[in-house]
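Everything below concerns the one structure shown next.
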Amino acid sequence: MRVMAIVKRIANQFRRDKRTLALMFIAPLILITLINYLFDGDAVDPKVGVQGVSSEMVAQLKDTDIKVKQYDAVSNVKNTIKSDDLDAFIKQDGTDVQLTFENSDPGVSKQIQMKLQAALMAEQKDAMKQLGESMQETAAKVQQSLAVVAKQYAAQTGQQLDIPKVNLQIPDQQQLTISTDYIYGDADTTFFDTIGPIFIGFFVFFFVFLIAGISFLRERTTGTLERLMATPIKRWELETGYLLGFGIFALAQSIIVALYSIHVLDMVQMGSIWYVSLITLMLAMVALTLGILLSTFANNEFQIVQFIPIVIVPQVLFCGIFPLEGMADWLQWIAHIMPLYYGADALTSIMVKGEGFAGFATDFYILVGFALVFMILNIFALKKYRKI
C-alpha cells in the first residue's frame, strides 16, 4: 500500500505538470521529426567553374554529378569563385591545369578532387581508345595499299614481294600538370577546422543561457527580485543592471573560450581575434537575455533544464553543422529564426574566411536585434513581479 501511495503521488505530480509531460512525450517527437528531415534532404552537387577545358572533360564532370559552369575568360579566379558561389574552378591551358578550391568545406573539396581524377582517367581512357581504333584503321589501310603495290609488282616482274606487317605504336600521351590552390585554408584543412568556430559560439551560448536562467530564477525564489521591485527602481534600470552584471562574466567567458580555442587548440584563425570576441560577446548577450526571459516561466531549476531540448537542441541542428542547402525551404526558414545560426555564420566568416566587419555585419546586427527584442520582452515580463 505504501509503495502504491508513492506511485500515485508521482503520477499525480506528473499529471499536474503539463510542461514535464510535453517534454517527455511531445518534444522527442518534434526533435526526431526535425532530424529526419535534416538527414532526408537532397544532396547538393558541387558547383565548378571551368575555362579552357575540353567538351569531353565537361561531359565527364557532369557524369560525376558536378554542376559545371563554363567561362570564356576569367582574369581573377578567386573573385569569380566568391561572386558566383562556386566550390572550385578548373582552368586549363594546354597541359597545365590550375585547380582552385573555395575550401570552406574541405569535404566538398576532397569530393571534387576525387571526381576530377575519375573524370581525367575516363577522358584519357576514351582518348586512348579512340586513338587506338584510329591507328588500327590506318594500319589496315596501309596494309591494303602495300598489298595492292605488291600485286602490281608481281604482275609486272613475276616476283613476289614480302609485305611487312604494319604495326603502329601508340605514342606516349602528354601528362597533365595539375597545380592546386585554396582560397580558405590549405590541403591540410579538416572538417573540424571549419565547424570549430560553430562550437565556440554554441558553448558560449549554451552555458550563458543555462547560468543566466538559473541565476535569475534564484533571484525570484529567494525573494530578492520581489524586494527590488518594491523599491522605486524602474524595470529598465533593473534589466540593464542584470545585463551589465551578468555581461561582465559573459565577456570574460567569451574571451577565455576564444583565446583557448585559437591559441591552445590551434583552431584556424584567419581574421581578427577582436571580431571573434565581439561575436561571442553578442551571442552571450542574446543567450543572457533569452535565459532571463524564459526563467520567468519556470518555477525551479528543473524547469529551466526543460527548455534545453526546446531552445538549445534546434539551435545545434540549424546552426550550420549540417548543410542547409539541400533541405526543404521551410526547414531553411526555421534556421533563419535561430540566433546561433547568425553567430555561427559570423564566426565562420571571421575565423575560416578571414572576413572583415563588412563580411559579417548583417549577422552582427541581427544578433543585436535579437538581444534588444529579448531585453524589451524582459522589461514587460518584470511587470508581473511589481505588486504596486
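The values are calculated or read from the model by the stated rules, or taken from the named source; none is laboratory data. Keep in mind it's a predicted model, so treat the numbers as computed, not measured. Note that we place each Cβ from the backbone using ideal geometry, even for glycine, and neighbour counts take in every protein chain shown. For accessibility, only protein heavy atoms count, side chains too; no ligands or nucleic acids. Shrake-Rupley method; radii C 1.70, N 1.55, O 1.52, S 1.80 Å.
If the condition is being in a helix (DSSP H, G or I) and more than 12 Å from the chain's Cα centre (by Cα), then the range 332-341 contributes Gln332, Trp333, Ile334, Ala335, Pro339, Leu340.
Scanning the range 162-220 for residues that are modelled with pLDDT of 80 or more and part of a loop (DSSP other than H, G, I, E, B) returns Ile183, Tyr184.
Quick grid of which residues meet (1) at pLDDT 80 or above; (2) buried (at least 17 other Cβ atoms within 10 Å of the Cβ); (3) more than 26 Å from the chain's Cα centre (by Cα):
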position	(1), (2), (3)
Asp72	yes, no, yes
Asn76	yes, no, no
Gly107	no, no, no
Lys110	yes, no, no
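Among the residues that make up the range 230-237, is at least one of them in contact (Cβ under 8 Å) with a residue 12 or more places away in the chain, among the acidic types (Asp, Glu), out of contact with any Asp or Glu (no Cβ under 9 Å at 6 or more places or on another chain) and farther than 30 Å from Thr190 by Cβ? No, every residue in the range 230-237 fails to be in contact (Cβ under 8 Å) with a residue 12 or more places away in the chain, among the acidic types (Asp, Glu), out of contact with any Asp or Glu (no Cβ under 9 Å at 6 or more places or on another chain) and farther than 30 Å from Thr190 by Cβ. Between Thr280, Thr348, Thr296, Thr362, the distinction of being closer than 26 Å to Ile30 by Cβ and among the hydroxyl-bearing types (Ser, Thr, Tyr) belongs to Thr296 only.
Residues checked against (1) charged (D, E, K, R); (2) under 14 Å from Leu347 (Cβ atoms); (3) open to solvent by 30 Å² or more (accessible area, probe 1.4 Å):
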residue: Val286; (1), (2), (3): no, yes, no
residue: Leu294; (1), (2), (3): no, no, no
residue: Val305; (1), (2), (3): no, no, yes
residue: Ile312; (1), (2), (3): no, no, no
residue: Cys319; (1), (2), (3): no, yes, no
residue: Glu325; (1), (2), (3): yes, no, yes
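When the residues of the range 236-274 are filtered to those that are open to solvent by 90 Å² or more (accessible area, probe 1.4 Å) and over 25 Å from the mean Cα position of the chain (by Cα), the one that is farthest from Phe360 (Cα to Cα) is Trp236. Out of curiosity, is Asn103 open to solvent by less than 30 Å² (accessible area, probe 1.4 Å), farther than 19 Å from Val53 by Cβ and either at pLDDT 80 or above or touching a strand residue (DSSP E or B) at 6+ places or on another chain (Cβ under 6 Å) (or both)? Answer is yes for this residue.
Among the residues of the range 346-373, those identified as of a type outside the set (A, V, I, L, M), open to solvent by 20 Å² or more (accessible area, probe 1.4 Å) and either at pLDDT 90 or above or more than 13 Å from the chain's Cα centre (by Cα) (or both) are Gly354, Glu355, Gly356, Phe357, Gly359, Thr362, Phe364, Tyr365, Gly369, Phe370. Taking the listed residues Leu331, Leu290, the one that is under 29 Å from Thr190 (Cα atoms) and in contact with a Phe, Trp or Tyr (Cβ under 6 Å, 6 or more places away or on another chain) is Leu331, with no other qualifying.
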